[in-house]
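Heads up, the thing below is written out as C-alpha cells.
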Amino acid sequence: MVAGSFSIEIESPVEAKRLWKATVDTHNLLPKQAPGLISGITLVQGDGGVGTIRHVKFTPANKDFSSVKEKVDLIDEANLAYGYSLVEGGMLGEKVASVSHKIKYTSKPGGGCNTTFTCNYDTLPGVPHNEAKIEEIKVNYTGLFKQAEQYLIANPTLYC
C-alpha cells in the first residue's frame, strides 16, 4: 500500500467567499456548469451539510468510471474550507483504499483568491505509485475549476 498526497494551487479573479459558496453547492452547480462531464448529482443522504452523501454521475466523457459516491466531511465557513471523501465507486476498491479531498480558498489583497486543492489517498496493496495518473487528475481538476470560475464570471450575481 502506498500512502500519498498531492496539492494544486490555482489563482482566481473570483472572490474566495463566492467560490466557497459555489463549492458548498456543488450538487446544484456542477451539472449546470459542466454538463459535458457531469450528468447529475443527487443527495443520497443529508441536505448538503457535513455527513451528506452525494451520488455523482458522469457522462461517457469520463472514461475511467461512470459514478462515485462522496461524503461531505468538512464545511468551514470561517476558514473557507471544504472537504469530502470517496465512499463508493470510482477507483475505490480497485486501485485505492481511500481518497479524501480538501479545498481551501484564501483571499488576495487586491481581489480574487488563491485556491489550494489537496488530495490524500492510500492505494491498495500491490498497486504501484502512478505519477502519470496523478498529473492527469491535476489537469482534470484544474480544467473543472476553470470551468466553474468562468461560469461564476458569466453569472456575476450567483453566490454573492
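The values are calculated or read from the model by the stated rules, or taken from the named source; none is laboratory data. Predicted model only: the values in this text are computed from it and were never measured. Cβ: placed from backbone, ideal geometry, glycine included. Neighbour counts: every protein chain shown. Calculation scope for accessible area: heavy atoms of the full protein, side chains included, ligands and nucleic acids excluded. Shrake-Rupley method; radii C 1.70, N 1.55, O 1.52, S 1.80 Å.
The modelled label-to-label distance for the pair E136/K57, using points 7 Å beyond Cα in the direction of Cβ, is 2.4 nm.
Structural size metrics of the range 1-42, computed from C-alpha coordinates, are Rg and Dmax of 13.9, 39 Å.
Looking at the range 47-95, the GluC sites (Glu not before Pro) that sit in a DSSP loop and have at most 13 other Cβ atoms within 10 Å of their own Cβ are E77, E94. By the gyration tensor of its Cα atoms, with a ≥ b ≥ c the square roots of the eigenvalues, what is the shape of the range 96-160: rounded for a/c under 1.5, prolate for a/b over b/c, or oblate? Prolate.
Per residue of the chain, the DSSP helices (runs of n ≥ 4 H) give a summed -39500 (n - 2.57) that works out to -8000 deg cm²/dmol at 222 nm.
Translational diffusion of the range 1-84 was estimated from the Stokes-Einstein equation, with Rh taken as the Kirkwood radius over Cα pairs; at 25 °C and 0.890 mPa s the coefficient is 172 µm²/s. Past 25 Å, Cα to Cα, is the threshold; run K63/K104; K21/K95; K17/K133; K17/K102; K108/K138 against it and keep the listed order. In this structure, K63/K104; K21/K95; K17/K133 lie more than 25 Å apart at Cα. Loop-located trypsin sites (Lys or Arg not before Pro) across the range 14-123 with a Cβ neighbour count of 11 or fewer within 10 Å are K63, with loop assigned by DSSP. When you filter the chymotrypsin sites (Phe, Trp or Tyr not before Pro) in the range 1-96 for DSSP loop state and at most 15 other Cβ atoms inside 10 Å of their Cβ, you are left with F65. Cβ-Cβ distance of S67 and T106, R₀ of 30 Å, FRET efficiency by 1/(1 + (r/R0)^6): the value works out to about 0.40.
A simple spin-label model places the labels of N155 and K17 2.0 nm from each other, with each point 7 Å out along Cα-to-Cβ.
By how many degrees, between 0 and 90 and to the nearest 10, does the Cα long axis of helix 131-154 differ from the longest principal axis of the chain? Its long axis makes an angle of about 20 degrees. The residues of the chain expose, per residue, 52 Å² of accessible area to a 1.4 Å probe. Set against the 2.2 N^0.38 Å expectation for a compact globular protein, the chain has a Cα radius of gyration ratio of 1.02.
Rolling a 1.4 Å probe over the protein heavy atoms of the range 12-153, with every protein chain left in place, gives an accessible area that is 55 percent carbon and sulfur.
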